[in-house]
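The values are calculated or read from the model by the stated rules, or taken from the named source; none is laboratory data. Bear in mind that the values here come from a model prediction, so they are computed numbers and not experimental data. Here the Cβ is made from the backbone with ideal geometry for all residues, glycine too, and neighbour counts use every protein chain on show. With ligands, DNA and RNA removed, areas are computed over all heavy atoms of the protein, side chains included. Shrake-Rupley method; radii C 1.70, N 1.55, O 1.52, S 1.80 Å.
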Amino acid sequence: MAARRLSSLLSRSLSAGSASKLLSQGTSVSRFSTAAASEELITPPVHIEYTKHLINGQFVDSASGKTFPTYDPRTAEVIAHVAEGDAEDINRAVAAARKAFDEGPWPKMSAYERSRILLRFADLVEKHSEELAALETWNNGKPFEQAAHGELPMFVRLFHYYAGWADKIHGLTVPADGPYHVQTLHEPIGVAGQIIPWNFPLLMFAWKVGPALACGNTIVLKSAEQTPLTALYVAKLFQEAGLPPGVLNIVSGDGPTAGAALASHMDVDKVAFTGSTDTGKIILELAAKSNLKPVTLELGGKSPFIICEDADIDQAVELAHFALFFNQGQCCCAGSRTFVHERVYDEFLEKAKARALKRIVGDPFKKGVEQGPQIDSEQFQKVLRYIKSGIESTATLECGGERFGSKGYFIQPTVFSNVQDDMLIAQDEIFGPVQSILKFKELDEVVRRANTTRYGLAAGVFTRNIDTANTLTRALRAGTVWVNCFDVFDAAIPFGGYKMSGIGREKGIYSLHNYLQVKAVVTPLKNPAWL
């Protein structure tokens with residue numbers, strides 16, 4: 001529905017001839033070639049209205065008056081200029097959140113009333129999902145069809161889920177050895193600082209904000225400097241839903257300034273961060289050196305995708321392709337180490353190469369496009385450096401390896417074979433459309449190799465044998481193991497990593513624990529009838 005409505009809007013914004021051309025079936029979009037680069041790009045009919053910080057219920061300029069540009073990754077052209085936050089803006093936002101928590105109605109409101117506000121907000125997002133999906137694609141570069149039909153419905157579902165939890169958070173009555181009444185209270189932790197990444201701006205907003213608000217906390221959220229626009233848009237919808245001033249504050253700005261100020265702030269009670277492992281270490285250090293605030297981290301990954309000898313190869317090829325290339329490869333849990341059993345390796349490799357060559361790259365607003373641009377110049381150059389590293393190693397470049405077109409940050413879908421465990425492309429998180437295919441012989445061997453990494457976010461297993469599946473799921477040291485599927489996300493399924501992939505879990509009931517304090521209350525009993 002959203003795609004059809006946007007198509008109608010786009011048609012009205014273009015001439016009849018060009019609209020028909022640009023919105024036709026995916027066959028009109030060039031595949032693995034540079035032809036699409038010369039085609040006219042669709043300009044989304046979205047008005048950029050919210051570019052200032054949201055602090056204490058008001059959209060305000062930065063204290064410094066500075067702004068920074070945010071870009072369209074299809075062209076590297078400026079979309080808008082956004083207020084650039086620094087430590088002073090974080091101070092203002094934290095003060096508003098502290099006052100809202102200590103004196104405002106939000107934590108004192110009944111859980112049922114908080115639930116109703118979250119539900120009204122979800123309904124408003126659903127109403128505006130077309131504009132939000134277009135804005136997400138414009139600022140991030142992901143395919144519009146992915147944003148409209150996958151991510152926006154999940155965003156709404158997440159807030160429905162946490163709205164349902166709001167009035168079901170409670171403590172316990174605990175039996176004690178003696179005449180005492182003992183109860184535990186689950187209390188909101190206070191002011192939560194949240195820092196979200198650029199690869200899934202809206203979904204990461206929901207993963208962070210939903211549980212924090214359901215538990216009765218107030219928030220200061222720093223959006224990624226690359227993608228600030230949709231967070232500000234949905235913040236306005238929260239106001240329309242009746243969220244009191246100061247409960248949700250949003251500051252746009254850079255990590256070393258605004259992000260560091262938030263993580264080290266003495267009046268922030270908890271920090272949640274999603275991003276790179278290196279930055280996560282800095283967040284943890286800043287939190288420890290300030291007020292020892294608790295931290296949850298969802299960090300990087302180098303997830304193994306294991307294809308066993310009994311696999312249906314055609315299905316395995318498609319799933320492995322999706323596991324790696326989804327979202328331009330910009331996914332922390334991407335199946336970026338494709339382990340294939342030696343007996344089916346050659347067949348898999350030929351079909352994986354053919355599938356990559358068929359991948360449709362181009363303007364993410366066009367129907368049928370599977371892959372848009374990388375987020376920015378820095379990420380674009382980083383991916384190309386890793387590709388160069390792979391070419392200079394003994395790995396075999398099967399396809400791709402270059403930029404796509406001459407404009408924006410598009411990269412050809414790239415496949416390497418004969419990849420060895422000690423190569424950079426097999427060790428580092430590339431965060432781009434680069435598939436590394438490795439060969440294995442025995443289950444014990446592939447378990448050892450899959451686990452020989454500093455990461456432990458996710459893994460994939462493709463087999464028809466339930467015993468093989470059970471062996472691998474228990475042996476792999478990862479927070480999520482998908483069997484004969486990949487990237488299955490649900491509001492109730494917890495997500496997080498082992499080792500240097502993070503601390504804590506997001507989504508599901510486990511995410512609520514991040515935003516609650518447990519208090520034990522002990523009262524003497526005089527002549528109790530029972531204990």
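Do you know the relative contact order of segment 245-291, to the nearest whole percent, from alpha carbon pairs under 8 angstrom that are 6+ apart?
Working: 24 pairs, mean separation 18.0, N = 47.
Normalised by residue count, the contact order of segment 245-291 is 38 percent.
Expressed as a whole number of Å, what is the distance separating the alpha-carbon centroids of segment 391-435 and segment 314-366?
Value for the Cα centre distance between the two parts: 12 Å.
Out of all DSSP beta bridges with both ends in the chain, state the antiparallel percent to the nearest 5.
Values: 28 of 67 bridges.
Restricted to the chain, the bridges split so that about 40 percent are antiparallel.
Within 10 Å of each candidate Cβ there may be at most 16 other Cβ atoms; applying that plus a DSSP loop requirement, which trypsin sites (Lys or Arg not before Pro) in segment 76-136 survive?
Numbers: sites: R92, R98, K99, K108, R114, R116, R120, K127; in loops: K108.
Here the sparse-neighbourhood loop sites are K108.
For segment 458-531, give the magnitude of the charge dipole about the Cα centre (Cβ charges: +1 Lys/Arg, -1 Asp/Glu; no others), in debye to the nearest 20.
So the magnitude is around 300 debye.
In nm, give the distance between the simple-model label positions of H513 and L424, each being 7 Å from the Cα along the Cα-to-Cβ direction.
In this crude label model, H513 to L424 measures out at 3.8 nm.
Assuming R0 = 22 Å, what is the FRET efficiency of D177 and A529, from their Cβ-Cβ distance, to the nearest 0.05?
Working: r = 17 Å, r/R0 = 0.79.
Computed FRET efficiency for D177 and A529 comes out at 0.80.
Roughly how many Å² is the accessible area per residue of segment 205-288, as a whole number, for a 1.4 Å probe? Present the calculation step by step, with values, prior to reporting the outcome.
On the way: 1980 Å² over 84 residues.
With the other protein chains kept in place, segment 205-288 gives 24 Å² per residue.
What nm distance separates the two modelled labels at E240 and E113, each placed 7 Å from Cα along Cα→Cβ?
Going from the E240 label point to the E113 one covers 2.3 nm.
Rounded, prolate or oblate for segment 329-487? Axes are the square roots of the Cα gyration tensor eigenvalues, ordered a ≥ b ≥ c, and the cut-off for rounded is a/c under 1.5.
Numbers: a/c = 1.74, a/b = 1.64, b/c = 1.06.
Here segment 329-487 falls in the prolate category.
Only one of the listed values, (i) 4, 18, 27, 25, 17, 7, 2, 1, 0; (ii) 4, 19, 30, 28, 15, 3, 0, 0; (iii) 3, 14, 18, 15, 14, 14, 11, 6, 3, 1, 0, 0, was derived from the coordinates as P(r) over Cα pairs in 10 Å bins from 0, in percent; which label is it?
(i)
Find how many whole Å separate the alpha carbon centroid of segment 499-517 from the alpha carbon centroid of segment 80-120.
Result: 21 Å between the Cα centres.
About its Cα centre, what dipole magnitude does segment 369-504 give when the only charges are +1 on Lys and Arg Cβ and -1 on Asp and Glu Cβ, stated in debye to the nearest 20?
Working: 14 positive and 16 negative charges, 32 e Å.
That gives a dipole near 160 debye.
Give the residue list of GluC sites (Glu not before Pro) in segment 56-129 that are DSSP loop and have at most 11 other beta-carbon atoms within 10 angstrom. Before the final figure, lay out each step's value.
Numbers: sites: E77, E84, E88, E103, E113, E126; in loops: E84, E103.
Within segment 56-129, the qualifying GluC sites (Glu not before Pro) (loop, at most 11 other Cβ atoms within 10 Å) are E103.
My understanding is that a pair violates if its Cα-Cα distance is over 22 Å; which of K270/K507; K208/K366; K353/K439; K222/K507; K66/K208 do that in this structure? Could you put the intermediate results ahead of the total?
Working: K270/K507 17 Å; K208/K366 31 Å; K353/K439 15 Å; K222/K507 19 Å; K66/K208 27 Å.
The answer is K208/K366; K66/K208.
Let a ≥ b ≥ c be the square roots of the eigenvalues of the Cα gyration tensor of segment 155-300; is it rounded (a/c under 1.5), or, if not, prolate (a/b larger than b/c) or oblate? Can you show the working numbers first?
Numbers: a/c = 2.17, a/b = 1.38, b/c = 1.57.
Because a/c hits 1.5 or more and a/b fails to exceed b/c, segment 155-300 counts as oblate.
Round to a whole angstrom and tell me the spacing of the C-alpha centers of segment 184-246 and segment 459-488.
33
How high is the FRET efficiency between D102 and F322 when r is their beta carbon distance and R₀ equals 51 Å, given to the nearest 0.05? Spell out each step's value before the answer.
Details: r = 47 Å, r/R0 = 0.92.
Working from the Cβ atoms, E equals 0.60.
Which value in nm describes the separation of the simple spin-label points at A475 and L397, placed 7 Å from the Cα toward the beta carbon?
Each label point is offset 7 Å from its Cα along the Cβ direction, giving 3.5 nm.
Determine the gain in length on full extension of the stretch A520-T43; use 0.36 nm per residue of separation and subtract their C-alpha separation, reporting nm with one decimal. Kindly include the intermediate steps, with their values, before the conclusion.
Working: separation 477, 0.36 × 477 = 171.72 nm, distance 5.69 nm.
Gain in length upon complete extension: 166.0 nm.
Among the trypsin sites (Lys or Arg not before Pro) in segment 424-454, which ones are in a DSSP loop with at most 16 other Cβ atoms within 10 Å of the Cβ? Mind listing them? Don't skip to the answer; put the middle values down first.
On the way: sites: K439, K441, R448, R449, R454; in loops: K441, R454.
In loop regions of segment 424-454 (DSSP not H, G, I, E or B), the sparsely surrounded trypsin sites (Lys or Arg not before Pro) are K441, R454.
May I ask you to derive the relative contact order of the chain, considering only C-alpha pairs under 8 Å and at least 6 residues apart, and to give it as an integer percent? The partial results should precede the final answer.
Details: 1189 pairs, mean separation 99.8, N = 531.
Relative contact order for the chain comes out at 19 percent.
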